[in-house]
Amino acid sequence: MDIFKIDKGLPVPIIMIATIAVQIMCVVHVMRTGRNTYWIMFIIMAPLIGAIAYFIVEILPGASKSPQAGKLKKSAVKILDPSREYRAAKDALNETSSTDNYLRMAAAAAATEHYDEALEFYEVALVGPFAHHPESLVKLATVQYALGNHQTCLDTLDRCKTHNPNFDSQEGHLLHAMALQALGRMDEAASSFEALVVYALGEEARVRYGLLLRDMGDEEAAAEMFAETIARYNRSPKHYQRREKAWYNTARNNL
């Protein structure tokens, strides 16, 4: 009868049977392979989504060791269980109080926006031989900026540059320009952004520079930055467009 049909799709009972069968297979796989048992509840409570998520996170990466599979797993884990790395980092730190584990914990705390906690872990880790570790100092400055400590952020970046004169970081350069802007040092921020957009990958620096120029009253120069972002976006491959879409939208909305 038609009441058992969903448009032109499969009959409802067949869809239900197929879904239950997939659930059973996933649950059996969890038990046989010793996966975390929280998957069982997730698969049962969200039948279709749970099974798909389990396949992406637990089965697919094992079937394929390609970089694409690894990226897919990381993306799925981040969406489905954003605190997973935070918990893993905390377990590792509780087991071994090493500098590497403190840095891992700091990064995980920052990724979950526990910025006060991240700051404490970075301050513990960045002593002795690690006191001037460049990548970690940039991460520390990022946390300081997120907490609104803009001058301290600049001081950390200056410390990084002083002790690592040959170290270059687009992330650090962008942070430097943003901190100057936040402190109201507009001319210095504009000079920093102007140097950054010459080599920066992605569109964030260009769009932020455009917004700064507009705030400084230079509408024409701001429009040029936004127009350049739009032109670069339109001639770029799909993967670049997916990654930069938010900045493209900002540029388009401000042009």
Seminar exercise, completed: Most exposed to least, judged by fewest other Cβ atoms within 10 Å, 211, 137, 126 sort to 211, 126, 137
For this session: Using packing as a proxy for protection, rank 28-39, 105-116 so that the peptide with the highest average count of other Cβ atoms within 10 Å comes first.
Result: 105-116, 28-39
Exercise. Per q in 0.13, 0.20 1/Å, what log10 I(q)/I(0) does a Debye calculation on the alpha-carbon atoms of the stretch 128-255 return?
Worked result: -0.57, -1.11
Exercise. What number comes out for the charge environment of residue 237, summing +1 per Lys or Arg and -1 per Asp or Glu over other residues with Cβ under 12 Å away?
Worked result: +4
Seminar exercise, completed: Among chymotrypsin sites (Phe, Trp or Tyr not before Pro) in the stretch 131-224, those in a DSSP loop whose Cβ has at most 12 other Cβ atoms within 10 Å are 199
Seminar exercise, completed: Taking Lys and Arg as +1 and Asp and Glu as -1, residues besides residue 181 with C-beta under 15 Å from its C-beta add up to -2
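Since every read-out is calculated from the coordinates, none of them should be taken as a lab result. Nothing here was measured: the structure is a model prediction, and the numbers come from that model. Note that we place each Cβ from the backbone using ideal geometry, even for glycine, and neighbour counts take in every protein chain shown.
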